[in-house]
Each structure stands twice: as structure tokens, then as C-alpha cells.
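Take a look at the structure below.
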Amino acid sequence: MRVSLTMIVKDEEADLPRCLASVADCVDEIIVVDTGSTDRTKDVARRHGAAVFDFTWVDDFAAARNEALRHATGDWILWLDADDYLDDDNRRRLRALVADLRDENAAYEMDCLLLHDAEAGKETIRVGHVRLFRNDPRVRWQHRVHEQVLPSLCQLGIDVRCTDIVIRHGGYFDPEWTRRKLERNLRLLRLEDAERPGHPFVTFNLGWTLYLLGRSAEALPLLERARAWATAEQPFTRQLYLLLAQVLAQLGRIAESLAACHAGLRVLPNEPSLLLEAAIRYYELGAWDEAERGFRAVLASTDRRARRETARHNLAVLLLQRGKVAEAEEQWRTLLQERPQFNLAWSSLGYVWAQQGRWAELEEAARWLEGDPQTWADSVVLRIRALLARRDFASAKALLQSAIRHNPRSLALRIAWADVLLTEGNDGAAAEQALQDVLTLNPNYEQARQQLAALRQRPASSPSIMVSW
């Protein structure tokens with residue numbers, strides 16, 4: 001069975017080499033449809049053996065993808081975006097799957113990790129996409145944006161099978177670029193909504209896009225409307241209820257958010273993402289027994305998409321707040337055995353070890369964190385805690401001054417600097433300025449606001465304001 005890789009691209013010379021190199025030995029031909037590149041994208045594609053075709057952009061991703069299908073000659077179609085790529089393990093899995101393909105009425109779903117942040121330990125979004133399917137002229141893409149091939153496959157009765165293959169998808173590291181992409185998607189969705197009023201999938205994606213743009217109040221009625229079509233058979237039902245719960249929580253309607261989780265669980269019993277979201281809502285409502293049961297239910301789930309790492313971390317946080325420090329530490333250590341790069345667990349353990357004066361272990365956590373640019377500031381903060389415990393203010397200030405010069409917009413470093421000055425208690429003016437700097441970066445940081453008010457009210461001879469880390 002021959003496999004054709006199909007792609008649509010525009011100005012992707014930076015990402016395209018990594019993508020093509022990661023699947024070159026898994027496919028028999030590469031079809032690249034270019035929708036108007038002004039950089040060297042087409043040259044890069046040809047150097048990697050691709051057949052390149054031009055296509056005039058018509059505000060329709062499905063139309064561009066169908067143009068790529070029109071040129072494919074393989075028995076099977078694999079599709080990727082230019083900022084998709086596979087690591088070594090998943091490339092081996094894909095190669096094994098491709099080698100075993102037969103003349104069968106099937107398609108294969110793979111998970112896609114949407115990498116919104118490079119910081120290890122911050123949860124990325126994981127979604128399932130049908131990535132590999134038969135080359136059949138009856139199979140075509142639908143929708144201007146968030147285009148789908150699954151409805152076409154379902155109409156033909158094709159058996160969609162899950163795999164353990166994970167594709168990584170970058171492209172969300174630059175907030176401004178992401179905002180422009182979301183605004184473009186919103187424009188395309190509104191075009192399609194005008195053409196197909198009330199279409200469930202379009203309505204759902206309009207709500208999702210508005211939520212991602214921070215417009216939750218506008219998103220809510222659209223998600224509520226899409227809920228009327230949310231059956232167990234609809235592919236967007238899980239994400240719809242999850243989004244509905246998150247939007248309500250963002251609007252401060254925590255009890256309603258929990259109710260949305262339970263409504264979703266009635267449609268999709270034991271769905272791990274909804275169990276996790278419900279557990280978080282229970283935690284926010286102070287119902288800690290229910291929250292703990294929810295986190296443990298996610299850990300016990302056999303669903304391959306269960307966010308066990310997030311559940312385990314949240315369970316550890318809950319145990320710590322309940323005074324079960326040893327159990328919390330055990331959960332974080334287990335998490336790091338499963339995923340050593342989960343830096344939020346290292347930061348949390350560092351906090352525990354700082355409270356217990358376990359300075360050698362704290363230094364181990366700091367060394368781990370300093371290797372990642374995204375958590376380097378956390379390593380500095382951990383070391384500051386150790387220095388303050390020894391009341392070595394001079395070393396703490398020198399370390400922080402150097403770190404702030406390196407990253408002046410780090411909120412964590414600015415908070416630590418204010419805490420050092422407040423704890424030392426020798427320079428009220430500098431401490432006041434440090435707190436103002438914190439509020440400049442985050443005007444909603446209530447602890448800094450309270451500390452600033454207290455600092456301005458205290459007599460000059462009063463003792464320093466101690467800070468709870």
C-alpha cells in the first residue's frame with residue numbers, strides 16, 4: 001500500500017524541514033499545495049522530494065486540502081501541517097502502522113498535542129484527529145476552518161480506529177501571532193455561519209474561538225446553543241461540555257460550571273476530562289472529599305486521553321493543603337517517575353523542601369529547573385528561599401539583581417525581590433518600589449496590594465512585614 005503525505009502551506013520555510021524530515025521514511029510521495037508563499041517554502045518542499053502545486057487562497061481550508069487530495073496518487077492519505085512533527089518514538093509507531101496497512105475500509109486517529117507553551121508542566125491541549133485514511137474520491141474535507149474529514153468517512157461507514165501515535169503541533173508560542181490566527185479563524189467561521197446558519201459544528205467553533213480570544217460572555221450563548229446537538233455520537237461533545245464548564249468558571253459561576261460537568265458526564269459517562277474538570281470545581285468550592293475522589297478517579301481511568309499527570313499534580317496540591325505532606329510528596333515523586341520533565345512538580349517539591357529545611361533536595365530541584373528557560377526563574381526563587389532561611393540577605397539580593405537584569409519582566413522574580421526587601425526590613429522605600437513593580441506587571445496581584453498598603457501605614461520603627469511564601 002502506497003501512502004501519500006498531503007499538506008497545505010504558506011510561508012513555512014522555518015518549520016517545514018523538521019516536519020518533512022520526521023515522516024520522510026513513512027510515506028511514498030509528498031504533495032504540497034502552496035496557497036501564496038512569499039518566502040522559500042516551495043524550494044524547501046522540493047528539496048525534500050515534494051511535488052508542489054499552487055492554489056489560490058479562497059478563505060477555505062477544506063478547499064485547499066481537497067486540492068491536495070486531487071493530486072495524491074497513493075492508496076492511503078496521511079495529512080500534516082507544516083508545524084507538525086513526530087518524535088523518534090512516534091515515528092517508529094507510524095512506520096509500523098504504515099508497513100501493516102492493507103486494502104481495508106478503515107481510517108486511523110492520532111492524538112495531536114497543541115503546544116501552547118514550552119514550559120514543561122503546563123498542560124498542553126490534546127485532541128484526536130483522523131490523520132490517515134483511504135484515498136477515495138468520495139472522501140473530502142468540509143468547513144472553511146477547523147476543517148473535518150471525519151463526517152465524510154462516517155457517511156461511507158469507514159471504521160475509525162484509535163492509535164497510540166502522538167503528533168506534536170507548534171505554532172502557539174507567540175501570543176500576538178496566536179491572536180491574529182484566532183481573529184482570522186473567527187472571520188472564516190462567521191463567513192460559514194452566514195452560509196450555513198445554525199450548523200452545530202460551526203456554532204461550537206464560534207464559541208470556542210471567542211473563548212480563546214478572552215470573550216467568554218459572548219462565547220457562552222453559542223456553546224449553550226450547540227449543546228442542543230451534543231449527543232454521544234457527536235465528535236465535539238466532549239470538548240463542548242469541557243469548554244462550557246471552563247467558560248462558566250471564568251465568569252465566576254462555579255456551581256453552574258460543576259453542573260455543566262455533571263451534565264456532560266450523563267452524556268459521556270466516566271469521561272476523564274470532565275471528571276478532572278469537576279474535581280477542580282469541587283476543589284474551588286471547598287468540597288475537598290469530592291475533589292479528591294475525582295482526581296483519584298482520573299488516575300484510575302484506563303482512557304488513553306486521561307490527563308493523569310494533571311490529576312496527580314492537583315491531588316498532591318490538595319493533599320498538601322489538607323496537611324498530608326508526606327502523601328503529597330509521594331504523589332509528586334510518582335509523577336516525576338512517570339514524566340521527569342514535569343517541572344511544576346519540581347517547583348512544588350522545592351516549596352515543600354524549603355518549608356522543611358531540606359536544602360540539598362531543594363538544590364536538586366533548582367538545578368533541574370534552571371535547565372529550562374521557561375522555569376529558570378523558578379530555580380532562582382527556590383534558591384532565594386534557602387538564602388532567606390539562613391538570613392543571607394546580601395547573597396539573596398545579589399542573586400536576584402542579576403536575575404532581574406536577565407529577565408526584568410519576570411513576575412516571580414519581582415515578587416521574590418519584594419519579599420526579600422520586606423523580610424530584611426531595612427529599606428522601606430525600596431520595598432515600596434518593588435511592590436509597585438509587581439503591580440505594574442500584574443495589577444490584580446492582591447497580596448502585593450495588601451503589603452503595599454500595610455507598608456505605607458506602619459510606623460518607621462515597627463518590625464518588618466514578614467511574607468508567607
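Overview of values
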quantity: Filtered residues of the stretch 420-445 (kept if at negative phi and among the small types (Gly, Ala, Ser)); calculated: 428, 429, 430, 431, 434
quantity: Residues satisfying the stated conditions in the stretch 301-313, i.e. surrounded by fewer than 13 Cβ atoms within 10 Å (Cβ to Cβ) and under 16 Å from residue 278 (Cβ atoms); calculated: none
quantity: Filter result for residue 316 (out of contact with any Ser or Thr (no Cβ under 8 Å at 6 or more places or on another chain), buried (at least 20 other Cβ atoms within 10 Å of the Cβ) and among the small types (Gly, Ala, Ser)); calculated: no
quantity: In the stretch 255-290, the residues that are among the aliphatic types (A, V, I, L, M) and over 22 Å from the mean Cα position of the chain (by Cα); calculated: 255, 259, 263, 265, 267, 268, 285, 287
quantity: Test: residue in the stretch 191-214 that is in contact with a Cys (Cβ under 9 Å, 6 or more places away or on another chain) and modelled with pLDDT of 95 or more; calculated: no
quantity: Qualifying position, being under 21 Å from residue 411 (Cβ atoms), at pLDDT below 90 and not small (Gly, Ala, Ser), among 382, 344, 387; calculated: 344
quantity: Selection from the stretch 228-257 of residues that are within 21 Å of residue 284 (Cβ to Cβ) and either touching a His at 6+ places or on another chain (Cβ under 8 Å) or not in a helix (DSSP H, G or I) (or both); calculated: 251, 252, 253
quantity: Residue in the stretch 420-431 that is within 29 Å of residue 342 (Cα to Cα), among the small types (Gly, Ala, Ser) and in a helix (DSSP H, G or I) present; calculated: no
quantity: Close pairs (6 angstrom Cβ cut-off, 6 or more residues apart or separate chains): closer than 19 Å to residue 192 by Cα in the stretch 52-66, of a type in the set (Ser, Thr, Tyr) and part of a loop (DSSP other than H, G, I, E, B) anywhere; calculated: 57/35; 64/35
quantity: Tally of residues being over 22 Å from the mean Cα position of the chain (by Cα) and among the small types (Gly, Ala, Ser) across the stretch 226-251; calculated: 4
quantity: Top-ranked residue of the stretch 371-396 - restricted to ones that are without any contact (Cβ under 8 Å) to a residue 24 or more places away in the chain and of a type in the set (Lys, Arg), ranked as nearest to residue 341 (Cα to Cα); calculated: 383
quantity: Single residue of the stretch 136-153 satisfying the filter (free of Cβ contacts under 8 Å to residues at least 24 places away in the same chain and either of a type in the set (D, E, K, R) or on the phi > 0 side of the Ramachandran plot (or both)) that is surrounded by the fewest Cβ atoms within 10 Å (Cβ to Cβ); calculated: 138
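The values are calculated or read from the model by the stated rules, or taken from the named source; none is laboratory data. Quantities reported herein were computed from a predicted structural model and do not represent experimental measurements. All Cβ positions, even for glycine, are placed from backbone atoms using ideal geometry, and neighbour counts span all protein chains on display.
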